[in-house]
Amino acid sequence: MLPGLESGGLLSRVNPQLRSLALGWAALLPLAVAAVLIPLRGVLAATSMALILVLVVVAVAICGSRRAGFVASVVAAAAFDFFLTVPYLTFSIRDASNIEAAVLLLLVGIAVTEVAQWARRELDRAGRREGYLSGVARAARLAASGSTGSDVAEVVRPMIAEVLDLDECRFTTDGPRGDRPRLHDDGTVTWRGAAVDVEHDGLPIMDVIELPVRGGAGTFLLTASTRVRRPSLEQRQVAVTLASQLGMTGAVPPG
């Protein structure tokens, strides 16, 4: 992870084995808590035990994925029905209030999972923005310190590759060509005069994408050929801002 962009977690990947393990815990934890509550059935009200299971679902939803939260919600509702309501060890419920508690347990668990996932997305988005700003600030400090164009290009080049999740980012002192895809200052991408819908179609993969440096200091050549990348407009604008720092040096690095 490059300094200045680590907050964004752009290269983080969830291991499938860890994902499976999380789903296993999502199923087992509500069952374990329900089993612990069995000796307390004569002491605690059914609604109180349902609330305890809601807390378990909340913990799973906060720590795990949406799927884990849904699994925990379903298992918690089933465990509440099976272990903690009369008749015990069956999926029948005689008391209407217990039926309401089981249904509410399921619905609240699903709702909490959605809220937790929304909060996680917002935190992740804020973390990425913090990482982007940190990376831009680092490049700006380097450009303002009198560093050579080569130094700035070598710092900015991998940052651009990371923020756009590219296969490769190279720098050349050659000017842009008209027949290649181009990433513009406003974050839009065009190819042969037509706009590219990056959010839907992804970055062009048949040729390198040109990112010209303001002031004619050269061009960054972006390669995204091994799979479809769909960087957001914000990410593309950050890449443009990073590239523009090279023009601030007033020096053209060797090609």
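Any read-out appearing in this document is the output of simple, stated calculations on the displayed coordinates, not a laboratory observation. What you are looking at is a predicted structure, and each value in this text was computed from that prediction instead of being measured. Positions of Cβ are backbone-derived with ideal geometry, glycine not excepted, and every protein chain shown enters the neighbour counts.
Below, the figures for the structure above:
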{"quantity": "Sequence ranges 28-37, 171-180, ranked by mean other-Cβ count within 10 angstrom, highest first", "calculated": "28-37, 171-180"}
{"quantity": "Region 214-220 - phi-based ³J(HN,Hα) in whole Hz, Karplus 6.51/-1.76/1.60, Gly and Pro as x", "calculated": "4, x, x, 7, x, 9, 8"}
{"quantity": "Relative contact order (%) - region 6-123, alpha-carbon pairs under 8 angstrom, separation at least six", "calculated": "28"}
{"quantity": "Within-10-Å neighbourhood charge of S244 [Cβ basis; K, R +1; D, E -1]", "calculated": "0"}
{"quantity": "Expected-Rg normalisation [2.2 N^0.38 Å, Cα atoms] applied to region 107-241", "calculated": "1.21"}
{"quantity": "Distribution of pairwise C-alpha distances over the chain, 10 Å bins, in %", "calculated": "7, 24, 21, 14, 13, 11, 7, 3, 0"}
{"quantity": "J(HN,Hα) series, region 94-102, from Karplus relation 6.51 cos²θ - 1.76 cosθ + 1.60, nearest Hz, glycine and proline x", "calculated": "8, 8, 4, 5, 5, 4, 4, 5, 5"}
{"quantity": "Kirkwood hydrodynamic radius (C-alpha pairs) into Stokes-Einstein, region 157-226, 37 °C and 0.692 mPa s, D in µm²/s", "calculated": "270"}
{"quantity": "The chain: most fluctuating residue of L233, L55, L89 per GNM, C-alpha cutoff 10 Å", "calculated": "L89"}
{"quantity": "More than 19 Å apart - percent of Cα-Cα pairs taken over region 6-123", "calculated": "47"}
{"quantity": "Table column - 3J(HN,Hα) (Hz), region 202-213, Karplus curve with 6.51, -1.76, 1.60, x for Gly and Pro", "calculated": "x, 5, x, 10, 7, 8, 5, 9, 8, 10, x, 8"}
